[in-house]
Amino acid sequence: MERAFKGEIIDDIDVVILDSVSREKKRVLISGRPLVNQENEIVAAVVTIKDISKYKQLETELKESESKYRNLIGFRQNGNRPV
């Protein structure tokens with residue numbers, strides 16, 4: 001929000017947040033925009049926070065699964081099948 005109040009437009013900064021009570025980590029994307037009045041002065045800011053923790057977990061699981069099954073069918077590390 002501080003950067004938006006300074007006039008910056010912020011898009012999808014990936015941040016890890018730690019809940020100090022539960023010790024649970026969350027991955028979020030933060031975006032921000034300044035709001036200006038008719039005199040082009042910054043009067044407010046809008047910030048959005050999107051929780052992407054589940055998506056990142058699924059992405060990791062998919063990569064692990066893909067690697068496992070590629071190994072089972074004989075793909076090498078570089079992605080090529082043996083001849």
Is there a residue in region 59-66 that is modelled with pLDDT under 90 and either under 22 Å from Glu2 (Cβ atoms) or in contact with a Lys or Arg (Cβ under 8 Å, 6 or more places away or on another chain) (or both)? no
Top-ranked residue of region 22-48 - restricted to ones that are among the charged types (D, E, K, R) and either in a strand (DSSP E or B) or surrounded by 12 or more Cβ atoms within 10 Å (Cβ to Cβ) (or both), ranked as modelled with the highest pLDDT: Arg33
Being modelled with pLDDT under 90 and of a type in the set (Asp, Glu) narrows it down to one of Asp19, Asp11, so name that one. Asp19
Inside region 30-54, the number of residues satisfying the requirement of being more than 13 Å from Met1 (Cα to Cα) and in contact (Cβ under 8 Å) with a residue 12 or more places away in the chain is 4
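The values are calculated or read from the model by the stated rules, or taken from the named source; none is laboratory data. Please read these numbers as outputs of a predicted model, since none were measured by experiment. As a convention, Cβ positions derive from the backbone with ideal geometry for all residues, glycine included, and neighbour counts pool all protein chains shown.
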